[in-house]
Amino acid sequence: MTTTAPADGLLLPVPDEDGAPFWEYAARGELRVQACAACGRLRFPPRPCCPHCQSFESEWRPMSGRGRIWSYVRPHPPLLPAYAAQAPYNVILVELAEAPGIRLAGNLVTSADAPLDSVDPARLRIGARVQVVFAETGGVTVPRWILEKA
Amino acid sequence: MAATLKDATAIVGIGQTAFAKQLPQSEKELACRAILAALADAGIAPAEVDAFASYTMEETDEVEVAKAIGAGDVTFFSKVGYGGGGSCATVGHLAAAVATGQATVGVAWRSRKRGSGPRPWKNTAVQLPTPGQWTRPFGLLRPADEIAMLARRYMHEYGATRDHLFNVAMACRNRANENPAAMMYERPLTREMYMTSRMISEPLCLFDNCLETDGALACVIVSAERARDCRQKPVYVHSVAQGLPAQHHGMVNYWNDDPLSGPAWTAARHLWKQADFGPQDIDVAQIYDAFTPLIPLSLEGYGFCGRGEGAAFTEGGALEMGGRLPINTGGGGLSEAYVHGFNLINEGVKQLRGISTAQVPDAATCLVTAGEGVPTSAILLRA
């Protein structure tokens, strides 16, 4: 796992009650998504009950950590200072291999600890296969993404 | 026999302040000035106002406004959430209140100091409650970033290009160049300026973004019967709708099965169902344009073209005067002023009164929409 925060000053996730397990699993290096314990359907963002069968029973299912880029942006300043320092960086939306309707926002990086602008923008492509990695920033672990080896 | 709002009420007064990057007055004073201007336009005394509607993001509340302008006893007040998605719903709420006898004279307004005031996304203290935990840590910080994500996918899926987005920016700028009240009056835009401007959030550049503006607007709504005795030609509220689609997630609608068909589609279905006419009968449209990609998405959602055809629709001057669907004839949020879309309502009224600075000849029907990408609203106006 990571030792130093590569990007001090980035905003840290403030989990709500429904989202807390996601971040707890992330801290252990696991990508998990909430699923209904009754009908089995995955849902994101997490919430108290299943929109399909209205059950309040849920579980957190491990994902393979593989997915494809559904879309991406490259923000330029003016931005919050910690982000401006790395701009223009990328933000990608990853469609999970197991659940195409679930798209996680994240950053495509060359390695877990690399800066947000570490990937050559020419390599950003919708449909590109990516793999999750975990990075520690400010004491919190967040998922990031690297290009899957061809 | 179902009740209907169809033509039961009319907008009989409109008012606005100057639009500028910086105005010296407070938001409260700007609100009062716009409201009093709208009442004067209608020829209705402030003491007759008994209903108010605005946005939840409006910081001048009805208690303060009613007191300041000298309103009488107020029997209806309402606030609509979701920022720019609320604009047309303020008119809809007042129309419903007036049509059902809850009130007789309604005022809707929006006052903002975004030109000189702080930008909400800079407030890190409010960055991170739900749902910010899923987007903000990764640097998806501003509305421009959030909409750019949808825009990139839209371009990928349908072959839309920056030239299509330029068509939108250009149509709005050309109209603003004709409107002395617009912030971009006498400030022409060229394709070269657009293509070489700085990026804000790729694929969106500076000119794909609305203007940071200080200013306020208001309008006055009364029953159709009362409207006949007012000073101005009534502009009837023909149909109203709000839209919050199933499984929608405001701004970052990325977890929906179909993120590219947003609230416009939901609002449109109800809007047209209640109306005597359809998209093909619309003479002029005021379409919420905080960002250029919202226009092709809205053109599709409101049925002016098929799914995926919104970008191609903008070709050949379709959005310009004399084109298939002239839009945002005051300049819109991109080039007149960005006051959370309220200027689009007043511009719709001007068109149907025949007094726009970019008048569509004999315009008798106008669609006005609120923000696509968030729970939204829309109204159909007719002369």
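Read-outs: derived from the displayed coordinates by stated rules, not from any lab. Just so it is clear, the model here is predicted, and its values are computed rather than measured. Neighbour counts are summed over all protein chains in view; Cβ atoms, including those assigned to glycine, are modelled from backbone coordinates with ideal geometry.
Quick look at the values:
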read-out	value
Top of B:282, B:200, B:147 by mean-square fluctuation, Gaussian network on chain B, Cα under 10 Å	B:200
Summed residue charge, Cβ within 13 Å of residue A:121's Cβ, Lys/Arg positive, Asp/Glu negative	+1
Binned Cα-Cα distance frequencies in chain A - 5 Å width, integer %	2, 10, 18, 21, 19, 16, 8, 5, 2, 0
DSSP-assigned coil residues among GluC sites (Glu not before Pro) in the range B:280-369, each with at most 16 further Cβ atoms within 10 Å	B:309
Cα gyration tensor shape of the protein assembly as shown, rounded if a/c is under 1.5, else prolate or oblate by comparing a/b with b/c	prolate
Where Cα atoms sit under 24 Å apart: lysine pairs in the range B:1-125 separated by 8 or more or lying on different chains	11
C-alpha center-to-center spacing [the range A:78-142, the range B:277-295] in angstrom	35 Å
Residue-averaged beta-carbon neighbours from other chains (10 angstrom radius) around B:139-147	6
Average other protein chain Cβ within 10 Å of Cβ, residues A:72-85	6
Rounded, prolate or oblate (a/c below 1.5 giving rounded, otherwise prolate when a/b exceeds b/c) for the range B:298-375 by Cα gyration tensor	oblate
Orphan Cys of chain A, criterion: no other Cys C-beta under 4.7 Å	A:49
Zone residues, the range B:239-254, relative to residue A:52, backbone N less than 16 Å from point 7 Å out along Cα-to-Cβ	B:247
Cleavage-rule hits, GluC sites (Glu not before Pro), the range B:186-294, DSSP coil, Cβ neighbours within 10 Å at most 13	B:186
For the protein assembly as shown, with +1 on Lys and Arg beta carbons and -1 on Asp and Glu, the positive-most of A:12, B:183, B:376 along the dipole	A:12
Value of [θ]222 nm, deg cm²/dmol, for the protein assembly as shown, DSSP H segments ≥ 4, -39500 (n - 2.57) each, nearest 500	-7000 deg cm²/dmol
Rounded, prolate or oblate (a/c below 1.5 giving rounded, otherwise prolate when a/b exceeds b/c) for chain B by Cα gyration tensor	rounded
Separation of alpha-carbon centers, the range B:172-194 and the range B:30-50, rounded to whole Å	30 Å
